[in-house]
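Presented below is the structure to which this report refers.
Every number in this text was worked out from the coordinates using simple rules, so none of it is lab data. Since the model is a prediction, treat every value here as computed from it, not as a measurement. Cβ: placed from backbone, ideal geometry, glycine included. Neighbour counts: every protein chain shown.
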Amino acid sequence: MYDRNWAKMDINAVPHMVTTSPGPKSQEMHARAAKYMKGLSSQVQLFPVAFASGKGCTLTDVDGNVYIDFSSGIYVTGLGHCHPKVTEAVQRAAGELMNAHDFTTPIKMRLLEKLAEITPGEGARKLAGMQLYDSGTTAVEAGLRLMRAATGKFEFISFHRDFHGKTMGAVGLARMDVSQGLRAPGFFLVPRGYCYRCEFRQKYPECGLLCVDYIRTVLKEETSGRVAGIVFEPIQGWAGSVVPPDGWIQKIRALCDEYGILMMADEVLTCMGRTGKMFAMENWATVPDVMTLGKGFGNGFPVTAMLVAEKYKDVIEKISASTSYGGNPMACAAALASIEVIQEEDLCERSSHLGEILLARMKQIEANSPIVGEARGMGCLLGLELVKDKATREPFDQAGKLVYQKAFRKGLAWIPAGHILRMSPPLIMEDEMAMKAMDIIEESIHETARELGYEA
Ligand SMILES: Cc1ncc(COP(=O)(O)O)c(C=O)c1O
């Protein structure tokens, strides 16, 4: 166990801005890189800063400005930047053996055994079948192939505004853009339990979760009846930390069981304590048949996994599951060390506590601001939805962009999503720093509301 003080900072010294940000060195470096590197996220396009280093919950840019990290990369570094245990484990592995394809290595064996200790489920439902990958989207693809092989069926149902990656199978599960052309046959999307913007104009709980019942209609009227799997994010990340209403996940489980459809929870973003539990599905005491892990799994090292229920474990044999980098020793070392840190430092509890205090503060901001429509989230996966009018709930993209940039300029690194502001602090953050970040956010919201004529 490491001394938790490794990441401690003098709270008065963070954030620390020595130039207007992005500073001159950031601007110059970004311009040089952006000559070649295209297709950057809105996170970067709206604030093109160049980072030099990270420690714990802070990031330092190339001009020497120090930021509070409220993004964890993109939901990745939950244990903070350069946690000594993870760094040492990767360094050690890199000095011993870099790749042995899918041969067993001691570190891989230990990771698989550790995962088996913590994955949900019992008996035939225990998530005990595993394969390791190097990106979230590859793990998702493996899950799709597995569900087809396990059921002999080939169609999939997924949900509006969920995101599952950018390979050609995974894109079929989400909103398509012009570069992807037509959705592949056999992929069907349905409205999600997103009560703030219910597509059925219903009120929860009086609705009785009509959105899940509607899947029956899609099964009957749109599919050929050969649906292999229903795929979903337990909490939507990209779409703005949308937490489903209680019962939504359980009702989907029951529907899957009734129709003999497999349930796949894409936990690439929500796993490893991000929502206050090791796996988000534990918040609803529901075990999927297939689950994907990523992001926080290796705390920054590209390592992901597809997990499968014991009863479908042998089907992994049928999908030609291995890859060149999946399960390499450095990846396994990073994942094993990260899980151990979460357990040793009680980081699920910490995440849950941070979620409670942050959400309470965000609800106050929602109550006091004319442009904050909804504050929501769970654990360290949080979001604020900005609207032009609280009654009509019209999305306020311009405000989203301005608040994001203003807060970043004040020293808060975080994540925009159109009119939604996303927060993903490291699970190790101290309360005081978390509240300081909220001060910056609140101030930036007020300044934006004033600038756009919503406040005097
Ligand atoms: C839920 C979910 N699934 C899959 C992916 C794709 O992961 P990657 O970017 O590692 O390919 C993401 C990435 O943001 C994600 O949030």
Show which lysines lie in cross-link reach of Lys126 when reach means a straight Cα distance below 16 angstrom and same-chain residues fewer than eight apart are skipped. Lys114, Lys311, Lys313
For the chain, size of Cβ-based charge dipole, Lys and Arg +1, Asp and Glu -1, in debye: 960 debye
What does the helix-only formula give at 222 nm for the chain: each DSSP H stretch with n ≥ 4 adding -39500 (n - 2.57), the total divided by the residues, and the result rounded to the nearest 500 deg cm²/dmol? -11000 deg cm²/dmol
Cα extents of the stretch 86-344 along the three principal axes, largest first, in whole Å? 57, 41, 35
Each label sits 7 Å from Cα toward the beta-carbon; between Trp6 and Thr87 the label points are separated, in nm, by 0.8 nm
Largest-first ellipsoid semi-axes for the chain, taking √(5λ) over the Cα gyration tensor eigenvalues, angstrom: 34, 29, 20
Hey, how many Å between the Cα centroid of the stretch 176-204 and the Cα centroid of the stretch 293-348? 29 Å
Between Met176 and Glu282, Cβ-based FRET efficiency (R0 30 Å, step 0.05) works out to 0.40
Using Cα centres only, tell me the gap between the stretch 97-151 and the stretch 371-400 in whole Å. 37 Å
So which lysines can Lys388 reach, going by Cα to Cα under 25 Å and dropping same-chain residues fewer than 8 places off? Lys203, Lys363, Lys401, Lys406, Lys410
When the charge dipole of the stretch 86-344 is computed with +1 on Lys and Arg Cβ and -1 on Asp and Glu Cβ about the Cα centre, the Cα farthest towards its positive end, among Cys207, Thr151, Val303, belongs to Cys207
Through the Karplus equation 6.51 cos²θ - 1.76 cosθ + 1.60, θ set to phi - 60°, convert the phi angles of the stretch 278-291 into ³J(HN,Hα) values in whole Hz; use x for Gly and Pro. 4, 10, 4, 4, 5, 5, 10, 6, 10, 10, x, 8, 9, 9
Principal axis extents for the stretch 144-274, Cα atoms only, whole Å, descending order, please. 37, 31, 29
Do me a favour and compute the ellipsoid semi-axes for the stretch 54-147 from its Cα gyration tensor, root of five times each eigenvalue, largest one first, whole Å. 31, 19, 14
Helical segments meeting 24 Å axial Cα length and Kyte-Doolittle -0.5 threshold in the chain (DSSP H): 347-368
Round to the nearest 0.05 the FRET efficiency obtained for Glu344 and Glu310 when R0 = 30 Å and r is the Cβ-Cβ distance. 0.60
Sorted from largest to smallest, which semi-axis lengths in Å does the alpha carbon gyration tensor of the stretch 285-336 give for its equivalent ellipsoid, taking the root of 5 times each eigenvalue? 21, 16, 7
Could you quote the convex hull projected area for the stretch 410-455, Cα atoms only and averaged over all directions, in nm²? 3.7 nm²
Mean separation of Cα contacts under 8 Å (6+ apart) over length of the chain, as relative contact order %: 21 percent
With r defined as the distance between the Cβ atoms of Arg32 and Asp102 and R0 fixed at 41 Å, what FRET efficiency is calculated, to the nearest 0.05? 0.55
Which value, in debye to the nearest 20, describes the size of the charge dipole of the stretch 1-151 about its Cα centre when Lys and Arg Cβ atoms bear +1, Asp and Glu Cβ atoms bear -1, and nothing else is charged? 280 debye
